[in-house]
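What follows is a set of notes on a single structure, which appears directly below.
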Amino acid sequence: MSESRTGAIVLDIIEAWKQLVEKHGITQQEYWDAVKFIVAAVEQGEGYLLPDAFLEAIVVRNQEASQQGTLSQILGPYHIEDAPILPDGKLAADDEPGERLTVRGIVRDVDGKPLSDAIVDFWQADAEGRYSNFDPAVKKGALRGKIRTPSDGQYQLHTIVPAPYMIPHKGPTGRVLEAIGRHPWRPAHIHLIASREGYRTLTTQIYFDGDQYLDSDSVRGATRDLAYPLESAPGGKTVDFNIELEPA
Ligand code: MBD
Ligand code: FE
């Protein structure tokens, strides 16, 4: 971001803050309580979660009107950079608890042309709603990995059905959610980032029809437009999910 753009935005943030202070008569004591609250949230490991719960979805929604292809969703606080390529699309280890789920579909452009050599980076919570690398009780790297599409653009991901995710409700983020009358639940979801040379990188999430939290996502990200039916199949479930990328 250019320095002049940063400057213009910061000036507007200060102006918005001035209006907030005047509207609510925010005191010096309250100002310092708020600063300490944010620092404590960071110290308790919620530095990415706290802003994400309230702000990222607004940014994503605002971009939507000018974008084509599969709808975007928030990145969320639990992505890691260096997940491995899964040669056989096996995201869940054989001993990963949970109901087996195959996600399958095609990566294509907005005209329907299949895209080879797209990389799709998947990550999700386990059957107890926990993310590896952030919950010390979960094996590092579990339920994280990438696939690369072959020439027909088709992919299959072998995983388990994730549980809905509960934002830690006793921590700072949970307390703010409670103060504004939101429950701490996100609908069950699978995160992905699809990238391909010549195309805009897509960050999104897959949701499932019938999820009780689809219309009340605590972070106000989920949409029924990205909710798909979980079909019964031998040994588990399948979900069909095609990915459409817009030219860069
Ligand atoms: C999550 O799992 C998530 O996806 C988001 C966006 C915020 C908090 C937890
Ligand atoms: Fe998530």
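Observations on the model:
- Top-ranked residue of segment 113-136 - restricted to ones that are within 16 Å of ligand 1 (Cβ to nearest atom) and open to solvent by 20 Å² or more (accessible area, probe 1.4 Å), ranked as nearest to I85 (Cα to Cα): N133
- Screening segment 168-248 for strands (runs of 3 or more DSSP E) wholly inside it with 1 or more residues that are open to solvent by 30 Å² or more (accessible area, probe 1.4 Å) and more than 16 Å from ligand 1 (Cβ to nearest atom) returns the ranges 190-195, 231-233, 236-240, 243-245.
- When segment 155-164 is limited to residues that are surrounded by fewer than 23 Cβ atoms within 10 Å (Cβ to Cβ) and within 12 Å of ligand 1 (Cβ to nearest atom), the one that is nearest to T223 (Cα to Cα) turns out to be P164.
- Pairs meeting the criteria (first residue in segment 221-240 and closer than 23 Å to A57 by Cα, second residue open to solvent by 20 Å² or more (accessible area, probe 1.4 Å), beta carbons under 6 Å, at least 6 apart or on different chains) are D225/L71; L226/L71; A227/D209.
- Total residues in segment 204-248, condition farther than 24 Å from R100 by Cα and in contact with a Ser or Thr (Cβ under 6 Å, 6 or more places away or on another chain): 1
- Selection of segment 76-88 for residues being within 12 Å of the chain's Cα centre (by Cα) and either within 7 Å of ligand 1 (Cβ to nearest atom) or over 13 Å from H191 (Cα atoms) (or both) yields G76, P77, Y78.
- When V110 is tested against (1) modelled with pLDDT of 95 or more; (2) open to solvent by 50 Å² or more (accessible area, probe 1.4 Å); (3) closer than 28 Å to L214 by Cα, only condition (2) is not met.
- Where a residue in segment 162-186 is under 18 Å from D126 (Cβ atoms) and among the hydroxyl-bearing types (S, T, Y) and its partner, wherever it lies, is away from ligand 1 (no atom under 11 Å from the Cβ) and open to solvent by 70 Å² or more (accessible area, probe 1.4 Å), with Cβ under 7 Å and at least six apart: none
- Annotation note: Cβ proximity below 8 Å between a residue of segment 30-53 that is within 18 Å of W17 (Cβ to Cβ) and a residue that is open to solvent by less than 50 Å² (accessible area, probe 1.4 Å) and of a type in the set (S, T, Y) (sequence gap 6+ or interchain) occurs for L50/T173.
The values are calculated or read from the model by the stated rules, or taken from the named source; none is laboratory data. This is a predicted model, so every value here is computed, not measured. Don't worry about glycine lacking a Cβ; one is built from the backbone with ideal geometry, like all the others, and counts go over all protein chains shown. What goes into the accessible areas is simple: the full protein's heavy atoms, side chains included, and nothing from ligands, DNA or RNA. Shrake-Rupley method; radii C 1.70, N 1.55, O 1.52, S 1.80 Å.
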